[in-house]
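Visitor: Below is the structure I would like to discuss, written out as structure tokens.
Every read-out reported here was derived from the displayed coordinates using simple, explicitly stated rules and does not represent laboratory data. As the structure is a computational prediction, the values presented were derived from the model and not from experiment. Every residue, glycine as well, gets a Cβ built from its backbone with ideal geometry; the counts of neighbours run over all protein chains shown.
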RNA sequence: GCGCCUGUAGCUCAAUGGACAGAGCCGCGGACUUCGGAUCCGAAGGUUGGGGGUUCAACUCCCUCCAGGCGCGCCA
């Protein structure tokens, strides 16, 4: 059932390649020409720039070359009705209507598989994201990272990559000690001790809740433990409680990870030590001021970086190096790290480290997610983790819902600053594209409910192509067959927002079609069948696209 | 000071180096006794922050300047 329909752009490309190889021989070498969907339908359904690129090498005008190519190509591509030359030398391809219709029919055969393309060659890939320290609840900025990483992984899977989603838990180091000390303090306060939260500790009220849970479970038995025992139990209790709440938030947000990777295990398994030893052995390190440094400047960093502090404890950077080496050892051919914007200064050293480890150059891709500003009626809401004032992701979900929150996070390039207006997001209008899209889905579902009421059987749907009845039908059908091309582009660009743009546009062409054409007509079963067919295919593509975004497709709203 | 991100219609944003820079919102004017009006149709709206350069072709690439955001720890 998962027969993957070939991309039409590939079909055209191959035909062009064949002709040009024959006609221009070696001039064809390394010719990076394109065949892509046109923006303006007056220019056909697909267009190629091949004649422009060839003209320099062949020393002929683009139009001349285009003419030559087209004269040979002529009608040899089965999918194409006509080929035109336009502008300075574009070659424009117009699809046969039957082909558009038959591709549309295939959608229903492929069902949930439709849109799958094979550009990843099953390359084993990892997407690591969120990876927030388990020292407090997720806020909206983390939500943006979560939505992006999750949707990206879905798109990559659809494009034929073998993808794992991973969350790296920073459960070792000083921050965790501070967290444990904070809990210890809150715990003691519950027994009447008058003590202050330690310097740099976590002041949020959630630590009091955790202390109360701990008191319920253990009573006062922890007060008398030794210092080592206390550290152990307070640290691990705090981490596990907070991690649980993070996991709950994420799964409610439709984000699920394949692997939760613990930093602590890197130390327990001596992987940090091993990674450091390897770097030392290869001569990429030196000692200065009592610390161990990595020569990251060698690979373009501003300055060299400390691996082991003067006091002998490894830096976060050191365990991160071990972590990335571990990823490599697990057989990933490529890993994608998604970081918040405050970490962007960290990129050069991490890339340098990957080089020092001798891993292949494009092994590590890093994407930076810019911050979110929450607006309420145009006024910004303050957010600062340091002050302990942040808007928890949980609150946003409760207020606008998962679908809306995810869509808003996903609809833009994550590298840009996002202004998220809460009041606007709650509106049920085109202010809010997610409803626009879901409405199209619900409408189609409603048409099928109506179909059953009128006893128009599903069998009537299975009709052969006659012809499209108007441009609105045809435009909708064309948009449906572009979906796999969009998946391909979105995956290669690592940009899920392209799916948002696509699905909004698709919903638009459906609404246009719907408002201008009667679908169910008992006096014209042929027409009814044809249009139901179109609706059925549209519903499937809306569903598949929304799935890539992790957004629900409701039958009623 | 250095580095990264951003700058497109009044607002929010599109446009793998390609054709006349496109949508939505706001504002204005309209729509079928019938399948969901959370919809549709129409007109209006631009020196793509400024200036150079590369190219057959630049919003896109390079240089420079301007504006906004973020980062420049033996913190994470």
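Visitor: Could I have the simple spin-label model distance between residue A:240 and residue A:81, label points 7 Å from Cα toward Cβ, reported in nm to one decimal?
Guide: The modelled label-to-label distance comes out at 6.7 nm.
Visitor: Which order do the peptides A:527-533, A:37-43 take when ranked by the mean count of other beta-carbon atoms within 10 Å per residue, highest first?
Guide: Highest to lowest by the protection proxy: A:527-533, A:37-43.
Visitor: Under the definition of Cα pairs under 8 Å and six or more residues apart, what whole-number percent is the relative contact order of chain A?
Guide: Once normalised by length, the contact order is 16 percent.
Visitor: In terms of the Cα gyration tensor, with a ≥ b ≥ c the square roots of its eigenvalues, is chain A rounded because a/c is under 1.5, prolate because a/b exceeds b/c, or oblate?
Guide: Working: a/c = 2.88, a/b = 1.57, b/c = 1.83.
It is oblate, given that a/c is not under 1.5 and a/b is not larger than b/c.
Visitor: Quick check: Cα centre of the stretch A:502-557 to Cα centre of the stretch A:117-132, how many Å?
Guide: 31 Å
Visitor: List the relative contact order of the stretch A:203-359 as a percent without decimals, with contacts defined as Cα pairs under 8 Å and 6+ residues apart.
Guide: Worked out over the stretch A:203-359, it gives 18 percent.
Visitor: What does the highest-first list of A:260-270, A:390-400 look like by mean Cβ count within 10 Å?
Guide: Packing order, densest peptide first, comes out as A:390-400, A:260-270.
Visitor: Rounded to the nearest 500 deg cm²/dmol, what is the calculated helix-only ellipticity per residue at 222 nm for chain A, with -39500 (n - 2.57) per DSSP H run of length n ≥ 4?
Guide: Helix-only estimate at 222 nm: -16500 deg cm²/dmol.
Visitor: If we sort A:195-207, A:217-229 on the protection proxy, mean other Cβ atoms within 10 Å, highest first, what's the order?
Guide: Ranked from most to least packed, the peptides come out as A:195-207, A:217-229.
Visitor: So what's the gap between the Cα centers of the stretch A:169-218 and the stretch A:325-342, to the nearest angstrom?
Guide: So the two Cα centres are separated by 32 Å.
Visitor: Can you tell me how the stretch A:209-271 classifies by the Cα gyration tensor, rounded, prolate or oblate, using a/c under 1.5 as the rounded cut?
Guide: Values: a/c = 4.88, a/b = 1.33, b/c = 3.68.
Oblate, because a/c is 1.5 or more while a/b does not exceed b/c.
Visitor: Take the Cβ-Cβ distance between residue A:521 and residue A:428 as r, set R0 to 25 Å, and report the resulting FRET efficiency rounded to the nearest 0.05.
Guide: Efficiency for this residue pair is about 0.25.
Visitor: At 0.36 nm per residue, and after removing the present C-alpha to C-alpha distance, how many nm does the segment from residue A:344 to residue A:557 gain when stretched out fully? Mind dumping the intermediate values first?
Guide: Details: separation 213, 0.36 × 213 = 76.68 nm, distance 4.12 nm.
Between residue A:344 and residue A:557, full extension yields an extra 72.6 nm.
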